[in-house]
Amino acid sequence: MSKEGSRPALGHEVAISSRVRLARNLEAYPFTTRMSRLQGAEILEKVREALLDDAGLSGYEFSYLEMQSLKPLDRQLLVEKHLISPEFAEGNAGRAAIISKDGRISVMVNEEDHLRLQCIYSGMQLEEAWKLCGSLGSNLDKKLGFAFDKSYGYLTCCPTNIGTGIRASVMLHLPALSMTGYIKGVLETCGKIGVAVRGLYGENSEAEGNMFQISNQVTLGQTEEEIIAGISNITQQISEQEKMLRIELYRQNPVRFEDKIYRSLGLLRSARLITSEESLKLISDVRLGMIMGLLQGMELEDLNELTLMIRPAYLQKTYGEQLKPDERDQKRAELIRKKLNERIH
Amino acid sequence: MVCQQCHKRKANVHYTQIINGKKVEMYLCTQCAAEDGAMSFNPQLSLVNMLWGFPGFGDSAGYAQFKQPEILRCNVCGMAFDDFRKGGKLGCASCYSVFRDNLIPILRRLHGSAEHTGEMPERTPDVKKADEGGQPAEAVGLSDKIDRLKAELSSAIESENYERAAELRDRIRSLESSGNVNGGAV
């Protein structure tokens, strides 16, 4: 059904992105819960120095962003891009993010832990993300000295992250599983085997646009490789189920399937006012249609970009002003019409 | 077992109370226990409280009992174990050693294990190599740990908590033999 030539590589049909993050603390300082302002500032300076002159990272150019001196809108934008956590964006003093220009590496300093190192790759590339994040972690350890205990591993502020301090997650687009309700079974199974499923923006966020983040909960007692392999394996299985179900849904009733996709495209192309939530829902159908080979003329990457561009902060940055919700919905509709009408058919 | 109060619902709370040195044991269902005031329910269930709340958890007699939380305080950062119970976050790396005995059951519940098997920092000497050559930094850390445990051991003996004392004794022995402290002359 899908055209051979445009078949996406690296599991992009289902996997949107792969992320690995490591939680680390400097052994010479108390955790963020007990550190003074001055200690926080010292940590910031040390991490900044260590990262900016890391020989192993010479290929990367970093920006140093102090949360307190960023406007709320700019902080929100970083959240939308998954470069910082929503909690971090609250902008407390003594917090900074050091982010590579391409967004692949992001280091949050003085979040819950002194360091949260994150590497993000597109599609299903969890092992690559781990390789980069792991080497970044050990390079920094040599310079900064992370709190480590032989029996507990890397020590973290909250015992939920202790040991490896690793969180491996893959963002999956699961429209068919959601549509049919089978997603419930998937969520239950994941819960039983210690795998967390969250929405688009992590903890407590909803699964907007049928996007689900699959990640490990256990960080102690397993090796990093086991954790990465475990998450790769479960996401692979979920992806296979999703792909089979898409084909089955189409086979059972092609007209209904196409109707859903073309209606969503129609709405996106015609709407004059559209909320972020509705757009994500409709874009999810368009993405499905593209992967099933029903819609052509646009790359998945462009659609990913559009998904980001319609977010409130991004939209306001693009139009260079503070927009009221109504105005946002109007600008969003405009932007989507422009992007989709030009390309897709 | 059926609740000893309502004789209807399943008992899932083992409640022990000591009044004037006399031990009273009750098996109650959650509702009766709550109504009875046998348990003070914390409306804000923190992660730690929830973990601690599993019946038959560790060696505690019931839901509402904790191992000497009131006196446990980290000597490095000042964090009390009670603060951790409320907030779920620790204060510094040393908290993990000071609260070790109380943390191990929590880690097991969270992770199914309390032993790190993942990567180690390159600067950390390998455990297996520890007796091949002198590892001064390690040995100091270890003997500190043992000293701390010994202090805990004496206070456990003083308070006639023999079960805990036995645990501590075993821990000290295993640390002493594994770490080869003081050139092995233990």
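Residue-wise HN-Hα couplings along the stretch A:76-82, as the Karplus relation 6.51 cos²θ - 1.76 cosθ + 1.60 with θ = phi - 60° gives them from phi, are 4, 4, 5, 5, 4, 8, 6 Hz; Gly and Pro carry x. For chain A, A:157, A:158, A:190 have no disulfide-compatible partner, since no other Cys C-beta lies under 4.7 Å from theirs. Output the relative contact order of the stretch A:15-242, whole-number percent, from Cα pairs under 8 angstrom with separation of 6+ residues. After rounding, I find 25 percent.
Couplings 3J(HN,Hα) of the stretch A:185-194, computed from phi: x, 4, 4, 4, 4, 4, x, 5, 9, x Hz, in residue order, whole Hz [Karplus 6.51 cos²θ - 1.76 cosθ + 1.60, θ = phi - 60°; x for Gly and Pro]. Carbon-plus-sulfur fraction of the accessible area of the stretch A:253-343, 1.4 Å probe, in percent? Taking all protein chains in place, the stretch A:253-343 shows 45 percent carbon and sulfur surface.
What accessible area per residue, rounded to a whole number of Å², is obtained for the stretch A:118-194 using a probe radius of 1.4 Å?
Accessible area per residue: 32 Å².
Taking amide H atoms as placed 1.01 Å from N in the peptide plane, the amide H of residue A:213 lies under 5 Å from those of A:172, A:198, A:199, each 5 or more residues away in sequence or on another chain.
When chains B and A come together, the accessible area they lose, probed at 1.4 Å and totalled over both chains, is close to 3000 Å². Each 5 Å bin from zero up to the one holding the largest Cα-Cα distance in the stretch A:242-345 carries the following percent of pairs: 2, 13, 24, 23, 16, 11, 6, 3, 1, 0. Each principal axis of the Cα atoms in the stretch A:15-242 has its own extent, and those three values, largest first, are 53, 43, 34 angstrom.
The values are calculated or read from the model by the stated rules, or taken from the named source; none is laboratory data. Please read all numbers here as calculations on a predicted model, not as lab measurements. A quick note on method: Cβ atoms are made from the backbone with ideal geometry, for glycine too, and the neighbour counts reach across all protein chains shown. Note: accessible area is taken over every heavy atom of the protein model, side chains too, but ligands, DNA and RNA are not part of it. Shrake-Rupley method; radii C 1.70, N 1.55, O 1.52, S 1.80 Å.
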